[in-house]
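Have a look at the structure below, then the notes.
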Amino acid sequence: MERGTALVTGASAGIGEAFANLLAAEGFDLILTARRAERLRVLSASLTERHGVKVSGIPADLADPAGPQRLYDELNEAGQTIDLLVNNAGFGGVGRFEALDQVRQREMIDVNVSALTRLAGLMLPGMKARARGGIINVASTAAFQAGPFMAVYYASKAYVLSFSEALSEECRGTGVTVSCLCPGVTATEFFETAGFGDLPLYRLGMMDAARVARLGYDGWRSGRAIVLPGLRNQVLVWGSRVLPRPVTRRAIRFLQEKSGAVT
Ligand SMILES: NC(=O)c1ccc[n+]([C@@H]2O[C@H](COP(=O)([O-])OP(=O)(O)OC[C@H]3O[C@@H](n4cnc5c(N)ncnc54)[C@H](OP(=O)(O)O)[C@@H]3O)[C@@H](O)[C@H]2O)c1
């Protein structure tokens with residue numbers, strides 16, 4: 001079956017890189033984007049060699065409000081349509097809200113929320129017109145409760161979950177599928193970038209990025225609006241749905257304090 005072309009954001013590392021590997025093996029041609037151009041170049045060459053698919057790397061900073069439109073224009077000029085958008089780029093930051101770099105907090109919203117929304121808005125009309133393809137938005141188990149000491153990150157992921165769920169329903173019956181992938185702790189560069197350092201607590205039960213991507217893709221293919229990869233994450237989310245919100249936010253506070261990342 002002809003798979004078409006997938007655009008993967010945040011493809012230079014972690015879950016995005018795992019999606020790139022998986023989708024190339026599944027026969028998708030790929031457009032990969034992130035800021036680190038050299039990583040994109042090396043990955044693109046390796047995927048083409050291993051899987052015989054067409055892969056292009058387009059470096060872009062999605063914290064720049066003009067980034068998504070620029071990316072879209074570049075694709076448009078090349079006559080490139082997108083069948084699957086994996087809206088994966090994102091990052092977090094741990095610490096007391098007022099002590100964190102406020103510019104970086106705003107950039108977190110720019111990347112995790114604004115760029116993801118803008119890219120969906122730019123790609124959906126073409127998908128709907130062709131009545132095929134869709135979007136995988138990467139949220140997190142963090143989407144299901146408030147997150148003291150990662151306040152903006154958790155809030156950004158709550159947005160992604162709500163937005164994706166609504167889009168998924170709007171697209172039902174159109175041939176376009178929108179899924180929200182909600183990973184729990186996954187072995188990537190995320191924790192280092194977020195400022196956790198080398199914290200053993202977070203390594204407990206970490207999932208492999210390749211497994212997260214596989215479950216996300218399979219969930220999207222089977223038309224699921226929300227995909228929770230792994231039993232542990234399903235249990236955690238079930239817990240946060242049945243427990244009162246004051247309990248879950250205090251539990252997150254306790255875990256963050258225990259982790260040693262917050263002083
Ligand atoms: N790891 C986890 O435990 C976990 C759990 C739940 C959800 N998630 C979510 O999974 C997604 C992928 O994260 P990951 O775990 O794979 O982390 P990662 O290894 O740090 O990868 C993050 C990716 O996002 C890209 N990115 C960051 N800022 C960007 C910007 N301004 N413009 C363009 N690209 C940018 C990075 O590329 P460049 O640095 O090259 O730009 C990188 O490719 C994120 O949305 C994250 O919130 C992760």
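Read-outs throughout are calculated quantities, based only on the coordinates presented, and are distinct from any laboratory measurement. Bear in mind the structure is a predicted one, so any value in this text is a computation, not a measurement. Here the Cβ positions follow ideal geometry from the backbone for every residue, glycine too, while neighbour counts run over all protein chains shown.
Summary of computed values
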item	result
The range 78-94, subset of a type in the set (Gly, Ala, Ser) and surrounded by 18 or more Cβ atoms within 10 Å (Cβ to Cβ), residue farthest from the chain's Cα centre (by Cα)	Gly93
Scan of the range 194-240 for residues that are part of a strand (DSSP E or B) and more than 15 Å from Asn137 (Cβ to Cβ), ordered by number	Met207
Residues (part of a helix (DSSP H, G or I), surrounded by fewer than 21 Cβ atoms within 10 Å (Cβ to Cβ) and in contact (Cβ under 8 Å) with a residue 60 or more places away in the chain) located in the range 162-189	Glu165
Hits in the range 195-211 - residues which are in contact (Cβ under 8 Å) with a residue 60 or more places away in the chain and within 8 Å of the ligand (Cβ to nearest atom)	Ala209
Residue satisfying condition, being assigned to a helix (DSSP H, G or I) and away from the ligand (no atom under 15 Å from the Cβ), within set Glu2, Glu17, Glu98, Glu38	Glu98
Residue that is farther than 24 Å from Ala146 by Cβ and surrounded by 14 or more Cβ atoms within 10 Å (Cβ to Cβ), where the choices are Arg249, Arg232, Arg253, Arg214	Arg214
Ala143 being under 28 Å from Leu243 (Cα atoms), within 11 Å of the ligand (Cβ to nearest atom) and part of a helix (DSSP H, G or I)	yes
Subset of the range 55-92 [more than 30 Å from Gly184 (Cβ to Cβ), away from the ligand (no atom under 15 Å from the Cβ) and not aliphatic (A, V, I, L, M)]	Ser56, Asp73, Asn76, Glu77, Gly79, Gln80, Thr81
Hits in the range 41-57 - residues which are in a helix (DSSP H, G or I) and hydrophobic (A, V, I, L, M, F, W, C)	Val42, Leu43, Ala45, Leu47
Within the range 109-140, tally of residues that are buried (at least 22 other Cβ atoms within 10 Å of the Cβ) and within 14 Å of the ligand (Cβ to nearest atom)	10
